[in-house]
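One structure is given below, encoded as structure tokens.
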Amino acid sequence: MKKIGVALLGLGTVGGGTYRILVNNGKNIAERDGVQIDIRHIIELDVNKAVALGADLSVVSQNINDVINDPDTQIVAEFFGGIEPARTFLIKCLLAGKSIVTANKELFSKYWPELEAAAKKGKAGLYFEASCVGGVPIIRTLTQSMQGNNILSLKGIVNGTTNYILSEMSDEGLDYSDVLKEAQRLGYAEANPTADVDGFDSMYKLSILSSLAFHKKVPISQIYREGISNINKLDIEFGKKFGYTLKLLAIAKQNNGKIEARVHPAFIPSDHPLASVKGSFNAVFIQGDNVGDIMLYGRGAGALPTGSAIVSDIVFAAKQTRHQYTSFRNVDSVKSSDFNKNFLCHYYIRMNVKDETGVLAKIAAAFAKHNVSIDMMQQIGCDGGATIIFLTHETPENNLNSAISSINKLPCLNSVDAIIRVEK
Ligand code: HSE
């Protein structure tokens with residue numbers, strides 16, 4: 001039986017979940033995979049966490065050099081999160097020939113080239129299934145199960161916190177700020193929710209997933225990002241009336257050799273499979289040119305779901321005789337011209353205008369001047385000005401922005417209150 005020494009860096013939520021899975025499933029893994037996993041080190045400042053898990057305290061230390069200098073530790077699973085000290089520790093481990101398993105999407109999306117260079121130098125492996133969509137096996141699907149396809153697009157709900165907030169706003173008719181407070185009280189949202197609600201977490205994941213999908217590095221600098229903190233429950237309600245559900249989507253497409261990658265709130269038809277993904281669940285919808293549409297669904301966070309992906313990577317890494325690296329040139333210095341920023345989208349626009357003769361004609365003329373074609377228009381009440389909702393046909397982003405600039409200059413306009421993309 002192959003015996004593999006493992007170090008766990010941190011015993012927080014996911015580190016603790018991983019420890020429990022390794023202890024509870026160790027016998028099964030040995031029988032099924034022929035790998036005996038030996039937890040040789042736990043690096044953790046708070047010994048109480050190890051005590052609570054019933055861990056062998058003789059393996060707990062605060063010194064990363066205990067791991068680096070141990071020839072019998074082959075795999076290091078990192079749970080610190082963030083950039084430092086994770087980056088420095090992982091580079092040292094990789095250079096010392098130890099394979100890395102991590103859920104750290106921020107580190108990975110920002111420093112993947114550096115980590116990969118160190119891995120190649122140390123002939124070590126770099127495994128990150130848990131970095132995207134928690135327990136859902138999306139990375140292995142993209143790298144090991146889609147070889148017969150060119151991936152055309154990838155569209156996903158990859159952040160549970162924002163999906164929980166939007167689901168509650170939609171189902172319970174609550175305001176964003178009230179749901180956020182409740183999500184923080186329940187421990188779903190962080191005290192500082194920026195990474196989730198402003199779309200950074202989704203952007204990190206999209207950078208990793210789209211690079212793997214298109215075999216081309218998609219750095220975070222090339223990803224458009226917009227979060228959900230300005231979403232008004234009114235628009236969720238109006239969207240429902242038009243047959244749409246609002247989600248924070250991570251979208252990547254490849255057209256005519258150009259990649260577009262974007263994270264933003266979007267209306268999707270309420271009968272699209274992604275619309276039924278509720279609460280803190282995640283899902284990714286992938287279009288391959290041969291397989292057609294597939295959708296992976298499951299828990300994107302949590303101790304055991306993310307621990308499940310970490311353990312899968314530990315076993316996978318343990319069984320490799322030669323580690324594989326990315327299929328593309330893994331550098332951040334990409335050509336901007338390889339990326340499309342002038343996205344083609346349908347739009348939902350809510351504005352408030354003065355209730356005067358000829359107002360609609362002036363707004364319609366501004367849309368027409370910039371080649372934005374209106375699909376549908378509805379006026380909702382005339383209380384202190386008229387609220388009007390426009391749905392546009394597919395239009396390039398730049399045209400829409402020019403039209404809105406023109407509309408903003410019209411004296412008959414009170415305010416443009418919402419602009420939300422629609423993904424059909
Ligand atoms: N904070 C993330 C989420 C989980 O809410 O989905 C880890 O990426």
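FYI, it's all coordinate maths here, none of it is from the lab. Please read these numbers as outputs of a predicted model, since none were measured by experiment. Virtual Cβ from ideal backbone geometry, glycine too; neighbours counted across all protein chains shown.
For segment 143-157, take each phi angle, set θ = phi - 60°, evaluate the Karplus expression 6.51 cos²θ - 1.76 cosθ + 1.60, and give the result in whole Hz per residue in order, putting x for glycine and proline.
Rounded to whole hertz, the list is 8, 10, 10, 10, 4, x, 9, 9, 7, 8, 7, 9, 9, x, 9.
Restricted to Cα positions, what overall size does segment 2-131 have along the principal axes? Three whole-Å values, descending.
Reported extents, whole Å, longest axis first: 36, 33, 26.
Taking θ = phi - 60°, what integer Hz values does the Karplus form 6.51 cos²θ - 1.76 cosθ + 1.60 yield along segment 126-133, in sequence order, with x for Gly and Pro?
Ordered by residue, 3J(HN,Hα) equals 10, 10, 9, 3, 6, 6, 10, 6 Hz.
How big is the dipole moment of segment 2-131 about its Cα centre under a simple scheme where the beta carbon of each Lys and Arg is +1, that of each Asp and Glu is -1, and everything else is neutral? Debye, nearest 20, please. Numbers along the way, then the final one.
Working: 15 positive and 15 negative charges, 63 e Å.
It comes to approximately 300 debye.
I need the peptides 203-213, 28-38, 238-248 ranked by packing, meaning the mean over residues of other C-beta atoms within 10 angstrom, with the highest value on top.
The densest-packed peptide leads the list: 203-213, 238-248, 28-38.
Restricting the count to DSSP beta bridges whose residues both fall in the chain, what percent are antiparallel, rounded to a multiple of 5?
Details: 52 of 77 bridges.
Within the chain, antiparallel bridges account for around 70 percent of the total.
Can you work out ³J(HN,Hα) from phi for every residue in segment 228-234, in order, using Karplus 6.51 cos²θ - 1.76 cosθ + 1.60 and θ = phi - 60°, giving whole Hz and x for Gly and Pro?
Along segment 228-234, the couplings run 10, 5, 9, 6, 9, 4, 4 Hz.
Pull up the DSSP beta bridges for segment 158-314 and report the antiparallel fraction as a percent, rounded to 5. Mind showing how you got there, number by number?
Values: 20 of 22 bridges.
Here the antiparallel bridges make up roughly 90 percent for segment 158-314.
Gaussian network model of the chain, Cα springs within a sub-10 Å range: biggest mean-square fluctuation belongs to which of ASP332, ASP313, ASP171?
Checking each option, the largest mean-square fluctuation is seen for ASP171.
Rank by packing, highest mean first: peptides 269-281, 338-350, 374-386, with packing defined as the count of other Cβ atoms within 10 Å averaged across residues. Display every interim value, and only then the final one.
Numbers: 269-281: 16.3, 338-350: 18.1, 374-386: 13.2.
For the peptides 269-281, 338-350, 374-386, the packing ranking is 338-350, 269-281, 374-386.
Which distance in Å, rounded to a whole number, links the C-alpha centroids of segment 343-385 and segment 265-286?
Value for the Cα centre distance between the two parts: 28 Å.
Cross-link partners among lysines for LYS2, C-alpha distance below 26 Å, same-chain residues fewer than 8 apart left out?
In chain and number order, the partners are LYS27, LYS92, LYS98, LYS120, LYS121, LYS123, LYS319.
Sequence neighbours fewer than 8 away in the same chain don't count; with that in mind, list the lysines whose C-alpha is under 24 Å from LYS247.
Answer for LYS247, where 24 Å is the Cα cut-off: LYS105, LYS155, LYS181, LYS205, LYS233, LYS278, LYS341, LYS424, listed by chain and number.
Order 74-85, 220-231, 43-54 from most to least packed using the mean count of other Cβ atoms within 10 Å.
Details: 74-85: 19.9, 220-231: 18.3, 43-54: 14.8.
Output ranking for 74-85, 220-231, 43-54: 74-85, 220-231, 43-54.
Taking H as built 1.01 Å from N, whose amide H comes closer than 5 Å to the amide H of GLY385, not counting residues under 5 places away?
Close amide H contacts, sequence-distant or interchain: ASP355.
Using only the Cα atoms of segment 39-195, build the gyration tensor, take square roots of its eigenvalues as a ≥ b ≥ c, and label the shape rounded, prolate or oblate: rounded if a/c is under 1.5, else prolate if a/b is larger than b/c, else oblate.
oblate
Label segment 138-299 by shape, choosing from rounded, prolate and oblate, from the square roots a ≥ b ≥ c of the eigenvalues of the Cα gyration tensor; if a/c is under 1.5 it is rounded, and otherwise prolate applies when a/b is larger than b/c, oblate when it is not. Walk me through the numbers before you get to the answer.
On the way: a/c = 1.98, a/b = 1.64, b/c = 1.21.
Prolate, since a/c reaches 1.5 and a/b exceeds b/c.
Non-local amide H neighbours of SER270 (under 5 Å, H modeled in plane, Pro and chain starts lacking H): which ones?
TYR244, THR245
Size of the dipole of segment 138-299 about the Cα centre, Lys and Arg at +1 and Asp and Glu at -1 on the beta carbon, nothing else charged, in debye to 20? Let's see the in-between values first.
Numbers: 17 positive and 17 negative charges, 126 e Å.
Dipole of segment 138-299, to the nearest 20 debye: 600 debye.
Just to confirm my numbers, what's the Cα centroid distance between segment 230-264 and segment 119-146 in Å?
Centre-to-centre (Cα) distance: 27 Å.
Round to a whole angstrom and tell me the spacing of the C-alpha centers of segment 34-101 and segment 205-226.
The two parts, judged by their Cα centres, are 29 Å apart.
Of PRO137, LEU53, TYR347, whose Cα points farthest to the positive end of the dipole of the chain (charges on the beta-carbon: +1 Lys, Arg; -1 Asp, Glu; origin at the Cα centre)?
Towards the positive end, the residue furthest out is PRO137.
Calculate how large, on average over all directions, the projected area of the Cα convex hull of segment 344-422 is; give the answer in nm² to one decimal.
Numbers: hull surface 17.7 nm².
Over every viewing direction, the Cα hull of segment 344-422 projects on average to 4.4 nm².
Under a 5 Å amide H to amide H cut-off, with H placed in plane at 1.01 Å, what residues pair with VAL60 once short-range neighbours are removed?
For VAL60, the qualifying residues are ILE42.
Shape verdict for the chain, please, from the Cα gyration tensor: rounded (a/c under 1.5), prolate (a/b greater than b/c) or oblate.
Taking the square roots of the gyration eigenvalues as a ≥ b ≥ c, the chain is prolate.
Hey, got the dipole for the chain? About the Cα centre, +1 on K and R Cβ, -1 on D and E Cβ, debye to the nearest 20? List each step's numbers first, then the result.
Values: 44 positive and 43 negative charges, 259 e Å.
So the dipole magnitude of the chain works out to roughly 1240 debye.
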